[in-house]
Amino acid sequence: KLSKRLQYIMEQIPVGSTFADIGSDHAMLPVAAIKAGKALSAVAGEVNPGPRDAASKQVATAGLGDKISVRLGDGLDVISPGEVDVITIAGMGGGLISSILDQGIDKLQGVKKLVLQPNVGEELVRRWLLDKHWVLTSEHIMEEDRKVYEILTAVPENSGVVAFISDDVYKEYLLDSNNGPVKITKEIAVRMGPWLLQEKNSIFTTKWISEIDKLERILKSLATSTLQSAETKYEEIAQEILQIKEVLSCSP
Ligand code: SAM
């Protein structure tokens, strides 16, 4: 059975798509997406032979060898430009996801949607999307087996969707905020997620309260450090904590 996380990712794939699942491991997502009638065909990309073999086996067992092409290769190397209209990359760090997108940027021509699920370093993915003119169209935070996952979807900036992460829209966001004028900088939005900030559900709040805990522990160790750089770092982190608290509305 598909995990809740992969199920949600699958739901983001528009019906009739051709998609590439990069780092597909057992090809669970492509198999489920074809079976559910979401995708017409898929590429399951894997850089490691072990998971690639597992993917091939899974695809053969499902009898979907004619619809899913399992390919061995690094990141987007496994697809040619214009071959797919959706790319999913899930279950890796945000740094790796952004470097896969960056190295394969020429393959993104014609891609209409990205569905990305970084395990950590979500801000690196948001930063990449912002820098490379992809519009973050939705963010979803969920919990499964006591782990928290964020699923980000994005479309190219020229697709007619108004960029959410732009200075103008941030200003609108500030005015729209129910909690009065919250000082939210672009850095905070990239770090925490503009849509998640707007929704501010309990999973999100719990995640950031625990992040504040971590930062406060770092702060404590910096306070006793004799390193020259510690003072600046202390100020930076103290400021960061303040900002996070402010947007969570839990400042004193
Ligand atoms: N996408 C699946 C999911 O979300 O359940 C599997 C996630 S698994 C933790 C990460 C997979 O990404 C591994 O099978 C690994 O071999 C693969 N991987 C790591 N770096 C990759 C790269 N540069 N290109 C393609 N696959 C990669």
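Laboratory data are not the source of any read-out in this text; all were calculated from the coordinates shown. It should be emphasised that the depicted structure is a prediction, and the values quoted were computed from it without experimental measurement. Cβ atoms come from the backbone with ideal geometry, glycine included; neighbour counts cover every protein chain shown.
Gain in length, Gln109 to Met142, computed as 0.36 nm per residue apart minus the alpha-carbon separation, to one decimal in nm? List each step's numbers first, then the result.
Values: separation 33, 0.36 × 33 = 11.88 nm, distance 3.03 nm.
Fully extending the segment from Gln109 to Met142 adds 8.8 nm.
Going highest first, how would you order 223-232, 106-115, 86-95, 185-194 by mean Cβ packing within 10 Å?
On the way: 223-232: 9.7, 106-115: 17.2, 86-95: 21.0, 185-194: 18.8.
Highest mean packing first, the order is 86-95, 185-194, 106-115, 223-232.
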| For q = 0.08, 0.16, 0.18 Å⁻¹, Debye-computed log10 I/I(0) when each Cα of the chain counts as one equal scatterer | -0.36, -1.15, -1.34
| said: Test of understanding: ordering Val78, Val47 by Cβ neighbours within 10 Å, fewest first, what list do you get? | reply: Val47, Val78
| query | Taking the chain as a Gaussian network, where each spring joins two C-alpha atoms under 10 Å apart, which residue of Lys147, Lys67, Lys35 fluctuates the most? | reply | Lys147
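Cα-Cα over 23 Å: which of Lys1/Lys57; Lys147/Lys220; Lys107/Lys207?
Correct reply: Lys147/Lys220; Lys107/Lys207.
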| query | Under a straight-distance cross-link criterion of Cα-Cα below 18 Å, which lysines are reachable from Lys113, leaving out those fewer than 8 residues away in the same chain? | reply | Lys38, Lys132
| Alpha-carbon Debye profile of the stretch 1-108, log10 I(q)/I(0) at 0.12, 0.15, 0.16 Å⁻¹ | -0.34, -0.54, -0.63
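Using the count of nearby Cβ atoms within 10 Å as a rough guide to exposure, how do Val148, Val43 rank from fewest to most? Mind showing how you got there, number by number?
Values: Val148 14, Val43 24.
Going from least to most buried by this count: Val148, Val43.
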| request: Could you pull out every residue, at least 5 positions away or on a different chain, whose amide H is within less than 5 Å of the one on Ser138? Hs are placed 1.01 Å off N in the peptide plane, and Pro or chain starts have none. | output: Thr153
